[in-house]
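Peer 1: Let me give you the structure first, and then I'll get to my questions.
Please treat every number below as a calculation from the coordinates, not as lab data. These numbers come from a predicted model, not from an experiment. Positions of Cβ are backbone-derived with ideal geometry, glycine not excepted, and every protein chain shown enters the neighbour counts.
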Amino acid sequence: MFLIKLYLHRSYLLVTAAVLFGAVSGLCAAVLLAVVNTALESGWAAPTVAVFTGLCVVRLLSGVGSHMLMVRLAQGTICRMRMEMSRQILRSPLPHLEGLGNHRLMASFTGDIASVARVAINIPYFLVNLVVLVGCLIYLGWMSLGVVVGVAACFIVGVMSYLGPVLWANRRLRVAREYEDALHDGFQGVVQGVKEMKLHQGRQALFLERCVHSAADHVRKHNVAGITVYAAAANWNRLLFFVYVGLLVFALPESEGTNAVRTAGYVLVVLYMMAPLEAIMNALPHLAQANVALRKIQELGLSLQSSGTELVPQEIPPAVSDGWQALCLRGAVYRHSVVSGADEPVFVLGPIDLILRRGEVVYLTGGNGSGKTTLAKVLVGLYPLVEGALEVDEAAVSDEDLPVYRQRFSAVLSDYHLFEDLIAKDVAQLDGRAQEYLQWLQLEGKLSIRNGKMSTTRLSQGQRKRLALLSALLEDRPVYVLDEWAADQEPAFRDCFYRQIIPELRRQGKTVIVITHDDRYFHLAERLIELKDGQVVRDSRPNTAESCSG
């Protein structure tokens, strides 16, 4: 069972202590019933009252202790799951993540982990109720072997009639979870496409019906079907116990000559067992949902790892920004696929032979779909090559070297994410530098930066791109990749970008790769590379025959 594996992975000692406390609590409940039955038969005495009081105190303390330990364990487990999934995503190759899609990742990160969290927090109560139930059965067996055999027969009948419907219900819950991926995809479309749908009511109605309502309705129907079957099975088992109570009351005294007090003791124990049994039965559908969610998380984790993992460097090696002179592609080929795991590629970049010198300003141009962004992601190490080699000064960069290799680059890609926090060891110095860049990027008065945090990012698209560039500038890396950065800028600042910002980076010794369609500024480039259908069709300063180190 996945939940048990999660707990055991966290701490054997903590689990053992919690289970022992729960066992003590359950045993106290069973002994309390024995004390009550004894008192009903022979009357209350001072020692009996003292034992009863002591057992109540022990049950209270052990029950609270078990719950405290298990809640602590549950919260720690959920925290670990969230961190581990975050690390898995960061370690996974970018092409694989793009193939999975944000909707699948977010469905697991939010929905699946939330389902597990809800159940994990209530696992203590499930375990304590289970121990109470076992303790009652042990006591009932001590009172009368025949009575406990009857209870066991009820259990067997209940379980046999329970398994088939529950297996069917589990399948419905698994199907519901599969549709939740599609539902998250629909929600993502609603959020990201809200402007377009507001402008086109026909598209809005069609999208809501096909992409949101359809998935949401499937989730609803399958969850309702699965949970209803669980509820019906639980009520059937409840009915079996009441039938057995009826047999104890009406049939047992006549068949065994049992007195009314002893019969009342049997009934008291059986009725007391109803509460923990009902709690366990009610928890089963939620446990089933949590196990489905855990399988989805585990499958996602295995899927992430199956495509290869990478270690994220804890510190950027000093040598990353020093000493190198050229980045080279030798017969480089990269293939995009239709979906993750598909065999047939829809786009092929390369083979490409290319050398980029340190300190160069390179304009990368070409039509839409020509491979400009793909080439940029290959150069910065986000896309691993399927053929050929990536080299630094004729030293090959392996897939294992990519995490360190990437630390040479700062990039503002077309699908950039703007972080509010700026990263630096010296925050005071960072604030001063950031303020200078705010003036340079004509953003003074639009926001402030204090303690390495931007006061706001709610600006126009062009201004947000300037903030993304500010963050990249503060990283002070040797190579900058700017993907259609000027496309959202007003004409005056676009001119400033090409005539002032890029030359200033050049004067600082930076290598700058600019993906652009602005042909009016092509004459400012030291080097112009044009792509078409994944091939270099123009290089204003071709150097494929040069040595990477020379």
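Peer 1: Just how far, in whole angstrom, is the range 136-188 from the range 229-245 if you go by their alpha carbon centroids?
Peer 2: Here the two parts' Cα centres lie 11 Å apart.
Peer 1: Okay, moving on. Remind me, relative contact order of the range 325-539 in percent, using alpha carbon pairs under 8 angstrom and six or more residues apart? Mind dumping the intermediate values first?
Peer 2: Details: 375 pairs, mean separation 64.4, N = 215.
It comes to 30 percent, rounded to a whole number.
Peer 1: What Kirkwood radius, in Å to one decimal, follows from the Cα pairs of the range 325-539?
Peer 2: On the way: mean 1/r = 0.0548 Å⁻¹.
Hydrodynamic radius (Kirkwood, Cα only) of the range 325-539 equals 18.2 Å.
Peer 1: At residue 414 and residue 20, where each label point lies 7 Å from the Cα along Cα→Cβ, what is the point-to-point distance in nanometres?
Peer 2: 6.2 nm
Peer 1: Give the calculated FRET efficiency between residue 40 and residue 168 to the nearest 0.05, with a Förster radius of 45 Å applied to their Cβ-Cβ distance.
Peer 2: Values: r = 44 Å, r/R0 = 0.98.
For R0 = 45 Å, the calculated efficiency reads 0.55.
Peer 1: Multiply the residue gap between residue 347 and residue 387 by 0.36 nm, knock off their C-alpha separation, and tell me the result in nm, one decimal place. Let's see the in-between values first.
Peer 2: Numbers: separation 40, 0.36 × 40 = 14.40 nm, distance 1.43 nm.
So the extension gain works out to 13.0 nm.
Peer 1: If you don't mind, there's one more thing I want to ask. If you count, for each residue, the other Cβ atoms within 10 Å and average over each peptide, how do 75-87, 368-380 line up from highest to lowest?
Peer 2: On the way: 75-87: 14.7, 368-380: 20.2.
Highest mean packing first, the order is 368-380, 75-87.
Peer 1: Hey, another quick one. Under a point spin-label approximation (7 Å from Cα along Cα-to-Cβ), what is the residue 443-residue 214 distance to one decimal in nm?
Peer 2: Going by the 7 Å Cα→Cβ label model, 4.2 nm.
Peer 1: Give me the distance in nm between label points sitting 7 Å out from Cα along the Cα-to-Cβ direction at residue 325 and residue 204, one decimal.
Peer 2: 6.2 nm
Peer 1: How do 436, 360 line up, fewest other C-beta atoms within 10 Å first?
Peer 2: Values: 436 12, 360 19.
If I rank by nearby Cβ atoms, fewest first, I get 436, 360.
Peer 1: Cβ neighbours within 10 Å, averaged per peptide: list 461-473, 201-213 in order, most packed at the top.
Peer 2: Values: 461-473: 20.2, 201-213: 13.6.
Per-residue mean Cβ counts within 10 Å order the peptides as 461-473, 201-213.
Peer 1: If you don't mind, another one. For the range 58-66, take each phi angle, set θ = phi - 60°, evaluate the Karplus expression 6.51 cos²θ - 1.76 cosθ + 1.60, and give the result in whole Hz per residue in order, putting x for glycine and proline.
Peer 2: 4, 4, 4, 5, 5, x, 5, x, 4
Peer 1: Go through the range 480-489 residue by residue and turn each phi into a ³J(HN,Hα) via Karplus (6.51, -1.76, 1.60, θ = phi - 60°); whole Hz please, and just put x for glycine and proline.
Peer 2: Running phi through 6.51 cos²θ - 1.76 cosθ + 1.60 with θ = phi - 60° gives 10, 10, 10, 9, 6, 5, 7, 4, 9, 8 Hz.
Peer 1: What does DSSP give for the range 325-539 in terms of the percent of beta bridges that are antiparallel, rounded to the nearest 5?
Peer 2: Working: 23 of 42 bridges.
About 55 percent, rounded to the nearest 5.
Peer 1: How big is the charge dipole of the range 325-539 about its Cα centre, in debye rounded to the nearest 20, if each Lys and Arg gets +1 on its Cβ and each Asp and Glu gets -1 on its Cβ?
Peer 2: Details: 27 positive and 32 negative charges, 141 e Å.
The dipole magnitude comes to about 680 debye.
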